[in-house]
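*Asks:* Below you'll find the structure I mean.
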Ligand SMILES: C[S@@+](CC[C@H](N)C(=O)[O-])C[C@H]1O[C@@H](n2cnc3c(N)ncnc32)[C@H](O)[C@@H]1O
Ligand code: SF4
Ligand code: SF4
């Protein structure tokens, strides 16, 4: 048994806020639905500022993404870069098709890229070429960007080859697998066990996979996701901002509310959702560096 250390080490984490911008996409991933939409980038930036204003830069991590592809909107990325240069902690989720151009002049942003493996075959549902996949993986290794992979029909051998490739390149980011989501509380159709994966520092904690396996086997969840303990979503459509507690794909419409204060709930209709929110608080980007706060003198 490990020796008991007293007082226990406490870790401070950032407040997590996810901003999802209504947008169009240049890909047609077979598992995703996108809409044709026109985005007013100036109005969107004003909405982003209205949200930022309610928080303190050092204490909050914003994940900004689109329900289409955010890199199609350079004025929004430039605006986020300006805010990040002022000290805001901002990560951006992208499909990686605008690499490397989307990085230029945006060195203060942190990145998360979606990619379903290291080969074009594994990415057939995303329609990516091998060249595009290589560019995403190279960038992730270079920038310690996080990778988000939808697990659908890739074989375990392919998944482990991907892990081995990243290990061999000394990848220091985070490779996050999420199941092809079953909407409206339907059962999950895919399962991935931590024990079957080649060990690597950059994998999600084993507890994440335990929860996934449990939901797959029983159709029920037995744990509370980090979005409940520390998370809130903003949905931005030009100058309209709505809010919702959770970051699931099929949040019932009536659970959204107008822009204002966050609301807390004593229950939430979670269904079979399982994704990165499950272990969000443990991500390195969520940690506030230690030593900033000293004990008060009495
Ligand atoms: C809707 S996309 C938007 C951001 C950006 N276009 C991208 O692909 O990263 C957000 C994330 O959801 C994932 N996704 C889309 N459809 C999904 C599904 N049916 N099940 C699980 N994940 C899905 C995507 O791969 C991506 O990582
Ligand atoms: S790139 Fe993202 S938004 Fe576009 S179709 Fe694929 S998953 Fe959907
Ligand atoms: S539905 Fe999913 S994201 Fe939303 S609170 Fe429940 S587990 Fe978390």
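Read the figures in this text as sums done on the coordinates, not as results from a lab. Keep in mind that this is a model prediction, so the values were computed, not measured. Counting neighbours? That spans all protein chains shown, and the Cβs are built from the backbone with ideal geometry, glycine included.
*Asks:* Just grab the label-to-label distance for residue 156 and residue 42, each label 7 Å out from Cα along the Cβ direction, in nm (one decimal).
*Replies:* 5.7 nm
*Asks:* Could you work out Rg/(2.2 N^0.38 Å) for the stretch 26-179, with Rg from alpha carbons only? Kindly include the intermediate steps, with their values, before the conclusion.
*Replies:* Details: Rg = 16.1 Å, N = 154, 2.2 N^0.38 = 14.9 Å.
Rounded to two decimals, the normalised Rg is 1.08.
*Asks:* With each label point set 7 Å from Cα along the Cα-Cβ vector, what nm distance links residue 164 and residue 129?
*Replies:* If labels sit at residue 164 and residue 129, their model points lie 2.8 nm apart.
*Asks:* For the chain, state the semi-axes of the equivalent ellipsoid (square roots of 5 times the eigenvalues of the alpha-carbon gyration tensor), sorted largest first and rounded to whole angstrom. The partial results should precede the final answer.
*Replies:* Details: eigenvalues 143, 133, 95 Å².
For the chain, the semi-axes come out at 27, 26, 22 Å.
*Asks:* For residue 258 and residue 15 in one chain, what is 0.36 nm times their gap in residues minus the Cα-Cα distance, to one decimal in nm?
*Replies:* Working: separation 243, 0.36 × 243 = 87.48 nm, distance 2.01 nm.
Once the chain is fully extended between residue 258 and residue 15, it gains 85.5 nm.
*Asks:* Per residue, what volume in Å³ does the convex hull of the Cα atoms of the stretch 93-160 enclose?
*Replies:* Numbers: hull volume 5.3 nm³, N = 68.
Taking only Cα atoms, the stretch 93-160 has a hull volume of 78 Å³ per residue.
*Asks:* Pick from 22, 222, 238 the residue whose mean-square fluctuation is largest in a GNM of the chain, springs joining Cα atoms under 10 Å.
*Replies:* Result: 222 has the largest fluctuation of those listed.
*Asks:* Report Rg (one decimal) and Dmax (nearest whole number) for the stretch 79-120, counting Cα atoms only, units Å.
*Replies:* 11.7, 38
*Asks:* Only counting other Cβ atoms within 10 Å, I'd like 111, 268 sorted with the fewest neighbours first.
*Replies:* Details: 111 22, 268 16.
Ordered by Cβ neighbours within 10 Å, fewest first: 268, 111.
*Asks:* A further question on this structure: Highest GNM mean-square fluctuation, the chain, Cα pairs closer than 10 Å: which of 119, 189, 44?
*Replies:* The residue that fluctuates most here is 189.
*Asks:* Can you tell me what percent of all Cα-Cα pairs in the stretch 205-298 are more than 16 Å apart? Kindly include the intermediate steps, with their values, before the conclusion.
*Replies:* Working: 2831 of 4371 pairs.
Across the stretch 205-298, Cα pairs with separations above 16 Å total 65 percent.
*Asks:* Among DSSP bridges having both ends in the stretch 15-286, what percentage is antiparallel? Round to the nearest 5. Let's see the in-between values first.
*Replies:* On the way: 7 of 36 bridges.
Antiparallel bridges: around 20 percent, rounded to the nearest 5.
*Asks:* In square nanometres, what is the average projected area of the Cα convex hull of the stretch 38-118?
*Replies:* Numbers: hull surface 22.9 nm².
Quarter of the Cα hull surface area: 5.7 nm².
*Asks:* Which value in Å is the Kirkwood Rh of the stretch 1-70 over different Cα pairs?
*Replies:* Working: mean 1/r = 0.0650 Å⁻¹.
Value: 15.4 Å, from the Cα pair sum.
*Asks:* Also, quick follow-up: Going by how many other Cβ atoms sit within 10 Å of their own, how do 11, 54, 17 line up, fewest first? List each step's numbers first, then the result.
*Replies:* Numbers: 11 10, 54 13, 17 21.
Ranking 11, 54, 17 by Cβ neighbours within 10 Å, fewest first, gives 11, 54, 17.
*Asks:* Among 168, 282, 47, 155, which comes first, then next, by fewest other beta-carbon atoms within 10 Å?
*Replies:* 168, 155, 282, 47
*Asks:* Do you know the relative contact order of the chain, to the nearest whole percent, from alpha carbon pairs under 8 angstrom that are 6+ apart?
*Replies:* On the way: 494 pairs, mean separation 58.8, N = 298.
Computed over the chain, the figure is 20 percent.
*Asks:* In addition: Would you calculate, for the chain, the mean residue ellipticity at 222 nm contributed by helices, counting each DSSP H stretch of 4 or more residues as -39,500 (n - 2.57) and dividing by all residues, to the nearest 500?
*Replies:* On the way: 6 runs with 68 residues, N = 298.
The per-residue figure over the chain is -7000 deg cm²/dmol.
*Asks:* Which value, in Å to one decimal place, does the Kirkwood hydrodynamic radius take for the stretch 1-41 when every pair of different Cα atoms is included? Please report the intermediate quantities before stating the final value.
*Replies:* Details: mean 1/r = 0.0641 Å⁻¹.
Hydrodynamic radius (Kirkwood, Cα only) of the stretch 1-41 equals 15.6 Å.
*Asks:* Moving on to the next point. Specify whether the C-alpha gyration tensor of the stretch 138-261 places it in the rounded, prolate or oblate class, a ≥ b ≥ c being the square roots of the eigenvalues: rounded for a/c under 1.5, otherwise prolate if a/b is larger than b/c and oblate if not. Before the final figure, lay out the partial values.
*Replies:* Values: a/c = 2.34, a/b = 1.48, b/c = 1.58.
Oblate, because a/c is 1.5 or more while a/b does not exceed b/c.
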